[in-house]
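Asks: After the structure tokens below, expect a handful of questions from me.
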Amino acid sequence: MSLRERLQSWRYNLVPDHLVGEILTKRWTDNAIPFLALVVTLATFGSVIPGFFKLNALQESTRQLGEFSMVVTGMTVVMLGGGIDLSVGSIFALSCFSAVYVFFILEQSIWLAMVASLATGLVFGAINGYLVGYLRLRAFLTTLVTFIFGRALFDILVTTYAADVQLSTATSDVLDFIGDSTFWGLSVSVWLAIILAIVTHIALTRSRPGWHVLAVGGSRRSAHNAGIRVRRTVFMTYVFSGFCASIGGFLIACRLSGAG
């Protein structure tokens with residue numbers, strides 16, 4: 001055996017690049033790698049931050065987890081439909097401000113504040129859906145522009161009304177319950193996130209609209225040839241994403257009693 005053949009044999013036997021490549025091509029790695037990253041992250045923070053796994057710290061962390069999980073659920077549906085929504089951060093923030101403005105400045109009921117928050121998310125989601133679904137603009141650039149616009153609008157509104165929010169005397173037991181209370185050891189936001197995730201999963205796997213979303217995400221041309229209304233389906237995924245982001249925005253408004 002020549003030296004070149006021997007070195008090549010050592011490479012294939014000792015360097016695990018082919019083995020790693022075969023592992024990464026397995027379908028289960030799509031879920032295993034993010035889960036492993038989550039475990040490593042939790043272990044790192046748990047060892048570095050004192051009291052990270054104490055009950056009070058976990059409850060506060062899960063509140064944020066519940067709020068952000070709703071945003072992730074909405075974006076997941078958009079991605080399953082073959083798109084992407086970069087504007088969820090702005091929708092989340094503007095929905096939060098809408099609730100804060102109606103409750104603390106206009107001094108309306110918390111339920112009307114929730115309606116304002118949801119309406120904000122639905123409007124922005126409909127704008128994204130119309131531009132991407134019906135006008136067939138590129139999702140990445142379109143939602144990036146709406147993100148920038150929403151971020152600028154939020155910054156202007158927060159700067160203008162921050163003092164009014166701080167000076168408001170409006171209070172609500174319902175707002176305090178949603179923002180601070182727990183139910184069976186978990187915050188309200190976590191329970192709502194779990195319910196939303198279960199309902200979304202059932203809708204995607206057991207209902208005709210959910211099948212349409214998956215079909216459109218797989219191949220828009222094939223979905224169109226099968227008689228699926230592709231544009232309307234894409235439109236509804238962005239509306240749903242805006243709706244989910246607005247729920248998260250309303251919940252963080254209840255928790256922080258502000259939009260800063």
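Asks: Based on C-alpha coordinates, I'd like the Rg and Dmax of the stretch 190-260, in Å.
Replies: 15.5, 50
Asks: May I ask you to evaluate 6.51 cos²θ - 1.76 cosθ + 1.60, the Karplus curve with θ = phi - 60°, for each residue of the stretch 30-41 and list the ³J(HN,Hα) values in order in whole Hz, giving x for glycine and proline?
Replies: Computed from phi, the couplings for the stretch 30-41 are 4, 9, 5, 5, x, 5, 5, 5, 5, 4, 5, 5 Hz.
Asks: A further question follows. By per-residue mean of other Cβ atoms within 10 Å, what is the highest-first order of 242-251, 25-34?
Replies: Numbers: 242-251: 29.3, 25-34: 9.6.
So the order, starting with the most tightly packed, is 242-251, 25-34.
Asks: Can you show me the helix-derived [θ] at 222 nm for the chain, built from DSSP H runs with n ≥ 4 at -39,500 (n - 2.57) apiece and divided by the number of residues, rounded to the nearest 500.
Replies: -25500 deg cm²/dmol
Asks: Leaving out ligands and nucleic acids, note down the accessible area per residue over the stretch 85-162 with a 1.4 angstrom probe, in whole Å².
Replies: 49 Å²
Asks: If each of residue 3 and residue 174 carries a label point 7 Å out from its Cα toward its Cβ, how far apart are those two points in nm?
Replies: Once both label points are built, they end up 8.2 nm from each other.
Asks: For the stretch 237-254, what does the Karplus curve 6.51 cos²θ - 1.76 cosθ + 1.60, with θ = phi - 60°, yield as ³J(HN,Hα) per residue in whole Hz, taken in order and with x for Gly and Pro?
Replies: Karplus-based 3J(HN,Hα) across the stretch 237-254 equals 5, 6, 4, 5, 4, x, 5, 5, 5, 5, 4, x, x, 5, 5, 6, 5, 5 Hz.
Asks: Among 175-182, 218-225, how do they line up by average Cβ neighbours within 10 Å per residue, starting with the highest?
Replies: Most protected by this proxy first, the peptides run 175-182, 218-225.
Asks: Let me ask another. Give me the extension gain from residue 141 to residue 186: residue separation times 0.36 nm, minus the current Cα-Cα distance, reported in nm with one decimal. Don't skip to the answer; put the middle values down first.
Replies: On the way: separation 45, 0.36 × 45 = 16.20 nm, distance 3.79 nm.
Length gained between residue 141 and residue 186: 12.4 nm.
Asks: To continue, here is another question. Please list 65-73, 93-101 highest first by mean number of surrounding beta-carbon atoms within 10 Å per residue.
Replies: Result, highest mean Cβ count within 10 Å first: 93-101, 65-73.
Asks: Over the chain, calculate the relative contact order: mean separation of alpha carbon pairs under 8 Å at least 6 apart, over the residue count, as a percent.
Replies: Result for the chain is 35 percent.
Asks: Continuing with this model, one more query. Principal axes first, then extents: for the Cα atoms of the stretch 65-122, list largest minus smallest coordinate on each axis, whole Å, largest first.
Replies: 41, 19, 15
Asks: Can I get the semi-axes of the chain's equivalent ellipsoid? Compute them from the C-alpha gyration tensor as square roots of 5 times the eigenvalues, in angstrom, largest first.
Replies: Working: eigenvalues 315, 151, 61 Å².
Largest first, the chain gives 40, 27, 17 Å.
Asks: Along the principal axes of its C-alpha atoms, what lengths does the stretch 77-163 span, in descending order and rounded to whole Å?
Replies: 41, 25, 18
Asks: If one computes the Cα centroid of the stretch 200-219 and of the stretch 135-194, what distance in Å separates the two points?
Replies: A separation of 28 Å, based on Cα centres.
Asks: Right, another one. Hey, what do the phi angles of the stretch 160-172 turn into as Karplus ³J(HN,Hα) couplings, whole Hz, using 6.51/-1.76/1.60 and θ = phi - 60°, x for Gly and Pro?
Replies: Rounded to whole hertz, the list is 6, 10, 4, 5, 5, 5, 5, 8, 5, 10, 5, 9, 7.
Asks: Work out how much length residue 43 to residue 105 would gain on full extension: take 0.36 nm times their residue separation and subtract the Cα-Cα distance, in nm to one decimal.
Replies: Roughly 18.0 nm would be gained on extension.
The values are calculated or read from the model by the stated rules, or taken from the named source; none is laboratory data. Bear in mind the structure is a predicted one, so any value in this text is a computation, not a measurement. Note: ideal-geometry Cβ built from the backbone for every residue, glycine included; neighbour counts use all protein chains shown. Note: areas computed on protein heavy atoms with side chains; ligands, DNA, RNA excluded. Shrake-Rupley method; radii C 1.70, N 1.55, O 1.52, S 1.80 Å.
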